[in-house]
Amino acid sequence: MRLMVCLACAAAAAVLLCHPAVSYAADPASIEVGDVAPIAPNWPSFVAEDEGFYRKEGVAPKVTYVGNVANTVQQLVGGSFGIAVSTFDTAIRAMAKGSDAVMIGALVMKYPYSIMSDADIKNPADMKGKIVVLPFAKDLLTFVWNDWVKSHGVEPSSIDQIYDGATPNRFAALSAHRAQAALLSQPFDFRAAADGYHKLLDIGAYAKQYGFLVILSTPAWLKTHGKEARGYLAALSDSVDWLYDEHNRDAAIKILAAHTKLAPQYATQTYGYYIKDLKPFSRHLQIAPGVVDNTINTLIQVGDIKQSEIQRSKIIDTAYLPK
């Protein structure tokens, strides 16, 4: 009996040596985070939660979905959030107009969006007199849509535009035939395709010069919550690495399906598109200067901001990114 007990203890010790226990903070720091909606571009956040990366870094983000990217910035600056996720153009526009915020990391560097339309719509000319639902009038994606339409000799004003900041709502508008085309991210565009809708435009392929989602905070919050900011960004960075490791494919698909409330088949399609083709997530959450400059130049071109209102060196703070 003693021999059996000793053998069991030795076996247990060997398991612990091979698989050391992960140390979690006893009382993780809560962070109020503002985001738009639970969609595929937020996959790293879903992974960080479900796979324990947040716990490992001693943080416990409390995510509030506010419906559009403008609201996340407004509520961040207003003090409701310590960290917010928004688009590069929305963030730059707000900072140019005086919002006290800084970009501390890049989450998604490529636009994982498609314009899905009714099956009989094959080009911009077919959209004349019809309705497309986009995020909002001054969103960069709306600019990209208008630019693409004009490149085909069609005036954007000949196509009616309505706006909603969240992909699930735009998908609902398309499905209910309130619009004949809609801007959708994954996996909603896959679901639309399965329902018979046509991919009119692949935004990621057309607008490669722009980035998509950026992580923001305020200097005041960072001054007193630097440790939490570092932990949050480190967890997301580890989650991006985890997602790009194809050994985690099945678990990643399961996580996406659970958080987006869509069928596993669409999550599986999203995995193939994101991980094998598009690769939208930024390694180590690095912010590409060229993306920032392209966005600034476009916003100046369309008259949203002035050159004198913005300096790249003052709107980016990479001190909290993983080393």
Folded to 0 to 90 degrees: helix 289-301 orientation relative to the chain principal axis, Cα: 30 degrees
Listed residues I39, I83, I275, most fluctuating in the chain (Gaussian network, C-alpha, under 10 Å): I275
Region 91-132 - percent of accessible surface contributed by carbon and sulfur, probe 1.4 Å: 49 percent
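Roughly how big is region 83-136's charge dipole about its Cα centre, with Cβ charges of +1 (Lys, Arg) and -1 (Asp, Glu), in debye to the nearest 20?
100 debye
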Whole-Å distance, taken between Cα centres, linking region 104-133 and region 279-297: 21 Å
Antiparallel content of DSSP bridges confined to region 67-206, in %, to 5: 60 percent
Principal axis dimensions, region 58-177 - Cα atoms, whole angstrom, descending: 51, 30, 23
Between region 43-97 and region 150-212, the alpha-carbon center distance in angstrom: 24 Å
Shape call, region 20-85: gyration tensor on alpha carbons, a/c limit 1.5: oblate
Heavy-atom surface of region 25-153, accessible at 1.4 Å and reported per residue (Å²): 35 Å²
DSSP-defined antiparallel bridges as percent of all bridges, the chain, nearest 5: 55 percent
Selection from V47, T142, Y163, by position along the positive dipole direction of the chain (Cβ): V47
Values of log10 I(q)/I(0), in the order q = 0.09, 0.11, 0.15 Å⁻¹, for the chain under a Debye, Cα-only, solvent-free model: -0.49, -0.70, -1.23
E155-A176 pseudo-label distance in nm [points 7 Å out on the Cα-to-Cβ vector]: 3.1 nm
Crossing angle, helix 140-151 versus the chain [Cα axis fit, 0-90 degrees, rounded to tens]: 40 degrees
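The values are calculated or read from the model by the stated rules, or taken from the named source; none is laboratory data. Only a predicted model underlies this, so the values are computations on that prediction, with no experimental measurement involved. So basically every Cβ, Gly included, is an ideal-geometry build from the backbone, and we count neighbours across all protein chains shown. Surface areas here come from the heavy atoms of the whole protein model, side chains and all, with no ligands, DNA or RNA. Shrake-Rupley method; radii C 1.70, N 1.55, O 1.52, S 1.80 Å.
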